[in-house]
Amino acid sequence: TRRAHRLAADAFLLDLPPYPSGRFTGRGVVIAGGGKYLPGAYVTVRMLRHFGWEGPVQIWYLGPPDRDEPILAAIAEHEVEYVDILAHPEASKCRRLGGFPDPQRGGIHPAFELKSFAVLHSPFEETLLIDSDNYPCSDVQGLFSDPQYKSTGGIYWPDLPHTERWTQWRFWNVGKHGPAAGLETGQYLIDKRL
């Protein structure tokens, strides 16, 4: 199974089209969250603006049930665009954007997949993804000019130690760096061109 997935990943990379010049521009923040996560998204937006982020912010959510009009009205005062993932033309090509049955949890598995989809399809060439429950404590603008980010095209943060087993470092063919921890998927900065 591992070999098959690695071969599929290699085939995918070999078949990538050229970078779509003109499709992505500028810098922006993408927040994944709707429904019960909207209050947290409101706090995230307020913290971004409080610490000086003047750039564009998008909140991506999963369809009409994830809209809460009073909270959206409060967030709108801070110049935020709302994007319904399920209305996006590429959404129909994805298997699991709306979550899926999870017998171990006794319900629907959260739709974590929407994060990657939102970053990929946001209009920003440089995209900072922030989960709706991750709150900036300083201005995020400096991240975009960090020398290491400029050379590698990404900034990733560690998660808690118990998440290391989820990251499966051996599948990525990279050595561990730093303390035992997985990658925090609730925040990362990526330059799509790099």
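Only the coordinates and a few stated rules stand behind these numbers; no lab work does. Quick caveat, the model's predicted, so the values are computed rather than measured. We place every Cβ from the backbone using ideal geometry, glycine too, and count neighbours over all the protein chains shown.
If I take the Cα coordinates of segment 1-101 and project them onto the principal axes, what are the three extents in Å, biggest first?
Here the spans come out as 48, 36, 25 Å, largest first.
Simple spin-label model, 7 Å along Cα-to-Cβ: residue 194 to residue 150 in nm?
The answer from the label model is 0.9 nm.
Once the piece of chain linking residue 162 and residue 73 is laid out straight, how much longer is it, given 0.36 nm per residue of separation minus the C-alpha distance between them?
Working: separation 89, 0.36 × 89 = 32.04 nm, distance 3.78 nm.
Full extension from residue 162 to residue 73 adds 28.3 nm.
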